[in-house]
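Notes to accompany the following structure.
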């Protein structure tokens with residue numbers, strides 16, 4: 001049975017500074 | 001800015017999938033709670049949880065089974081858009097899995113899911129110690 005790491009379920013949204 | 005998340009539906013969203021938390025504990029994907037993500041991120045050396053508020057949901061121009069979800073991310077309220085399959089589930093704080101088309105999510109993945117709406121606050125990840 002494959003085991004997946006918790007962070008693969010969460011989208012990675014890198015905030016970009018709009019200075 | 002625009003972030004592309006996986007456009008095919010990943011296998012780990014299928015009901016019954018085994019997920020390993022940062023402390024090693026195993027849980028089924030449908031049993032995950034907000035605290036599981038928060039505690040895992042606290043243990044993590046490089047990832048941190050950010051709050052991403054849904055600001056807008058639109059149908060995609062390119063294909064009808066895709067949606068464009070615009071988020072306001074983190075304390076700086078950075079605008080990030082993602083294009084996803086309408087059944088792609090996001091985890092909403094205190095609520096659980098939600099998608100643009102929960103009926104499809106439940107049909108395809110058997111994952112219990114509610115409707116993602118404007119104003120929902122989703123769990124997302126960013127890197128710790130960016131500077």
Just to be sure before I move on: is residue B:74 at positive phi, at pLDDT 95 or above and either surrounded by fewer than 18 Cβ atoms within 10 Å (Cβ to Cβ) or at the interface with chain A (Cβ under 8 Å from one of its Cβ atoms) (or both) in the structure I sent?
no
Quick check: is even one residue across region B:98-107 in contact (Cβ under 8 Å) with a residue 24 or more places away in the chain and farther than 19 Å from residue B:15 by Cα?
no
Taking residue B:89, is it exposed (fewer than 15 other Cβ atoms within 10 Å of the Cβ), within 18 Å of residue B:14 (Cβ to Cβ) and touching a residue at least 60 places away in the same chain (Cβ under 8 Å)?
no
Hey, which of the strands (runs of 3 or more DSSP E) in region B:29-91, taking only ones fully inside, have at least 3 residues that are within 15 Å of residue A:8 (Cα to Cα)?
B:47-59
Failed criterion for residue B:62 (all others in (1) surrounded by fewer than 17 Cβ atoms within 10 Å (Cβ to Cβ); (2) within 18 Å of residue A:7 (Cα to Cα) hold)
(2)
Do we find a residue being surrounded by 14 or more Cβ atoms within 10 Å (Cβ to Cβ), more than 10 Å from every other protein chain (Cβ to nearest Cβ) and out of contact with any helix residue (DSSP H, G or I) (no Cβ under 8 Å at 6 or more places or on another chain) anywhere in region B:8-30?
yes
Of all the residues that make up region B:79-98, how many are within 12 Å of chain A (Cβ to nearest Cβ) and under 23 Å from residue B:61 (Cβ atoms)?
9
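The values are calculated or read from the model by the stated rules, or taken from the named source; none is laboratory data. Bear in mind the structure is a predicted one, so any value in this text is a computation, not a measurement. Note that we place each Cβ from the backbone using ideal geometry, even for glycine, and neighbour counts take in every protein chain shown.
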